[in-house]
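Presented below is the structure to which this report refers.
The values are calculated or read from the model by the stated rules, or taken from the named source; none is laboratory data. Here the structure is a predicted model, which is why all the values come from computation and not from measurement. Cβ coordinates were reconstructed from backbone atoms using ideal geometry, including for glycine residues, and neighbour counts include every protein chain displayed.
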Amino acid sequence: MSTAARPSSFGSARAVLLWSGIAVLCAWVLVPIYLVALGAFGGRTGVYQWPKTIFPAGISFEPFLLFLKTEGVAGAFMNSLGAAAVTVILSVLIGAPAGYALARYNFRGKDGYRLLVLLTRAFPLAILALPLTVSFIRIGLYDTVIGVGLVHTVLALPFAALVTQGIFLGVPRELEEAAWVFGCSRPQAFFRIVAPLALPGLAATAVFAFVISWNEVFAASVLTVRHRTLTAYLLTVLAESPLHYRFAGGLLLILPSVIFIFAVRRYLFAIWGISSK
Amino acid sequence: MANIVIDRIKKTFGTFEALKEISLEIHDGEFVSLLGPSGCGKTTLLRIIAGLETETSGKLLIGGTPINGLAPKDRGLAMVFQNYAVFPHMTVFENVAFGLRMQKADQKRVKSQVDKAAALLHIEPYLDRYPNKLSGGQRQRVAVARALAVEPKVLLMDEPLSNLDALLRLEMRTELKAVLQASGTTTIYVTHDQTEAMGLSDRIAVMYNGRIEQVGAPVDIYSHPASRFVGGFMGSPPMNFIRLPVTNGTVKLGNTHHSVPVHTGSDIVLGLRGENVARTPLAEGLRLDVRVAEPMGSHLLLTGIIAEQPVRVILPPGETVRAGDAIGLKPDADRLIWLSPETGLSLNHPKT
């Protein structure tokens, strides 16, 4: 960094501020995760040990592996991934076109439409739970991963539509018009120009949809019996488990989100800078 | 290359008439500017020609072929946008090649066309860079190169220089003229800057309130404005307008009588360019009470009062005039513009 390299006191003060800020933010995110990991790997004694040591006294993967082998955990984990995948795919596939339409076209009832989209979040799931369960049983979606994914999509969709609207608004209209003039049809212009530039934002939308689905407990608990998602499963099982089991479960809940965000991190930074100005 | 026929094009937004039946023919290889203040409809007209906006009624032809209703890509034109609209996720090479790639041109043609356009606009050193590493002027060149690379029948430019700083704008203007003269492409150029339009165009269409006020060569429009609006919009300082009484079919300027095409008893407006006057003795000429004298080096700019109305005139740099002086001016009799005080239209020659 040029500010850090400059020997002036103003520059170095700024650098100190910058780096201490970074350190605090990192600690904010990493320390809890680390403590959970410590609890999960520290074994029965490590969990209760106080004061905590920076490095665990004895690492043992045994409780974690034991937890993984517990009946239902692996299945629940896969169910959670499945429901999240359904949520991510559907909310981007349905939400992004809605966001594009909101960003680019003026149509009658646009504001009303936006309000309606948000209103889907105004219905508490608790009220919907019973009728939803009944109709899911009727259609045959009850106790399936796809059923949970669909409900999670409903939760994530308003968010996806409104966020992608902002993303598409951020891609200058002139770029799209230039593409039309230079030989693109509307779909071609979208896939060659708009989509690549909107990719960071679309990736962020996918991350949030994933997290919404992954963290959701209530609908998942109500709508499943045997094919539980991880959150729903842990909620019922962990209450009766020893503490280090609970930490292992917590870690298992955290890890996929972290890995997923890490995987799409490239798109979370606007690498080209969306605006051409 | 092709000619363009704009035939009674009308555009309404709700109840607002942005364009009121505009007709204009642009010849093959001609450079025509649409000039006017913001909101006059010039950009709307350009976007209708490009196919980015749909006309309410009227016909458009390029090279004799009607293009109404065609998608922008099927009109055989290229466009340079106000904000350049250079694609940020492509290198300069890919930007310039974009139109050719969409035409599925073979690799050899893409390469040669891009090289040609890049050489013309001096952007060869940047072909591998991304646009965010370029300055505004360089992006502008990329946008122009992208448009020329496809060898369009018609080139449309929407205020392409307005985002550049003053010095760069002047430089690019000269260069643009040289490049476009070399390519011989039919060009429509939208601008609100009258010096740009004057310098670049074969013909200028001055627009105001959704209408074309006057079409003509830059010098004609400058010297023979068809209306008060055109006279006031062209030139810096703008044309002076002095309202004078008419007696016996003549107007008295100093001790000279000029016959005018207006009945006795009414007034007439004299349109007078600041540079079309010469100094004479006070007793013989039109009396100017000087309020401010600004020596500009190349000329002397005087701001003052003639017949109780504010005017600005230009004299040779050698004249010694100070604020507070009263001097005599003799207008060039061949360059007087007579305007109707009611309609603002020129009475000198039939309206074009």
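Here the condition is being buried (at least 23 other Cβ atoms within 10 Å of the Cβ) and out of contact with any Asp or Glu (no Cβ under 7 Å at 6 or more places or on another chain); of B:205, B:166, B:178, B:182, it holds for B:205 alone. Using the structure shown, decide if residue A:83 is assigned to a helix (DSSP H, G or I), of a type outside the set (Phe, Trp, Tyr) and free of Cβ contacts under 8 Å to residues at least 40 places away in the same chain. So residue A:83 fails the test.
Note on segment B:180-233: among residues that are in a helix (DSSP H, G or I), aliphatic (A, V, I, L, M) and closer than 27 Å to residue B:151 by Cβ, the one that is nearest to the chain's Cα centre (by Cα) is B:197.
Considering B:256, B:250, B:280, the condition of being more than 19 Å from residue B:348 (Cβ to Cβ), of a type in the set (Val, Ile, Thr) and more than 30 Å from the chain's Cα centre (by Cα) is satisfied by B:280 alone. When the residues of segment A:238-275 are filtered to those that are modelled with pLDDT under 80 and among the β-branched types (Val, Ile, Thr), the one that is nearest to the chain's Cα centre (by Cα) is A:261. In the set B:327, B:314, only one residue is touching a residue at least 12 places away in the same chain (Cβ under 8 Å), over 27 Å from the mean Cα position of the chain (by Cα) and either more than 17 Å from residue B:259 (Cβ to Cβ) or outside any loop (DSSP other than H, G, I, E, B) (or both); that residue is B:327. Total residues in segment B:286-299 satisfying the condition of being of a type outside the set (D, E, K, R) and touching a Ser or Thr at 6+ places or on another chain (Cβ under 9 Å): the figure is 4. Note on segment B:54-75: among residues that are within 25 Å of the chain's Cα centre (by Cα) and surrounded by fewer than 18 Cβ atoms within 10 Å (Cβ to Cβ), the one that is nearest to the other protein chains (Cβ to nearest Cβ) is B:54.
Does residue A:114 satisfy the criteria of being part of a loop (DSSP other than H, G, I, E, B), at pLDDT below 90 and of a type outside the set (A, V, I, L, M)? Criteria not met by residue A:114. In segment A:229-245, is there at least one residue being more than 24 Å from residue A:39 (Cα to Cα), surrounded by fewer than 23 Cβ atoms within 10 Å (Cβ to Cβ) and in contact (Cβ under 8 Å) with a residue 24 or more places away in the chain? Looking through segment A:229-245, none of the residues is more than 24 Å from residue A:39 (Cα to Cα), surrounded by fewer than 23 Cβ atoms within 10 Å (Cβ to Cβ) and in contact (Cβ under 8 Å) with a residue 24 or more places away in the chain.
Is there a residue being under 30 Å from residue B:199 (Cα atoms) and surrounded by 15 or more Cβ atoms within 10 Å (Cβ to Cβ) anywhere in segment B:251-269? Yes, some residue in segment B:251-269 is under 30 Å from residue B:199 (Cα atoms) and surrounded by 15 or more Cβ atoms within 10 Å (Cβ to Cβ). Under the condition of being within 9 Å of another protein chain (Cβ to nearest Cβ) and of a type in the set (Val, Ile, Thr), which residue from segment A:154-195 is surrounded by the most Cβ atoms within 10 Å (Cβ to Cβ)? Among them, the one singled out is A:181.
Of all residues in segment B:34-45, at least one satisfies being in contact with a Ser or Thr (Cβ under 7 Å, 6 or more places away or on another chain), away from chain A (no Cβ under 14 Å) and buried (at least 19 other Cβ atoms within 10 Å of the Cβ). For residue B:254, indicate whether it is within 19 Å of residue B:313 (Cβ to Cβ), modelled with pLDDT under 95 and of a type outside the set (D, E, K, R). Against the criterion (within 19 Å of residue B:313 (Cβ to Cβ), modelled with pLDDT under 95 and of a type outside the set (D, E, K, R)), residue B:254 qualifies. Of everything listed in (1) surrounded by fewer than 16 Cβ atoms within 10 Å (Cβ to Cβ); (2) within 11 Å of chain A (Cβ to nearest Cβ), the single unmet condition for residue B:122 is (2). Of all the listed residues (A:126, A:156, A:74, A:122), the sole one being out of contact with any Phe, Trp or Tyr (no Cβ under 8 Å at 6 or more places or on another chain) and closer than 30 Å to residue A:251 by Cβ is A:74.
Of the residues making up segment B:74-93, at least one is assigned to a helix (DSSP H, G or I) and among the hydrophobic types (A, V, I, L, M, F, W, C). Here segment B:104-119 is the region considered, the condition is being in a loop (DSSP other than H, G, I, E, B) and more than 10 Å from every other protein chain (Cβ to nearest Cβ), and the residue that is nearest to the chain's Cα centre (by Cα) is B:105. Is there a residue in segment B:263-273 that is touching a Gly at 6+ places or on another chain (Cβ under 8 Å), over 20 Å from residue B:229 (Cβ atoms) and either modelled with pLDDT of 95 or more or part of a loop (DSSP other than H, G, I, E, B) (or both)? Yes, the conditions are met somewhere in segment B:263-273. Scan segment B:90-103 for residues that are facing chain A (nearest Cβ under 9 Å) and free of Cβ contacts under 8 Å to residues at least 12 places away in the same chain and the total you get is 1.
Taken over segment B:219-275, residues that are over 17 Å from residue B:334 (Cβ atoms) and charged (D, E, K, R) amount to 4. I'm trying to understand the selection: among the residues of segment B:126-152, which are under 14 Å from residue B:113 (Cβ atoms), more than 9 Å from chain A (Cβ to nearest Cβ) and charged (D, E, K, R)? Within segment B:126-152, B:151 is the sole residue that qualifies.
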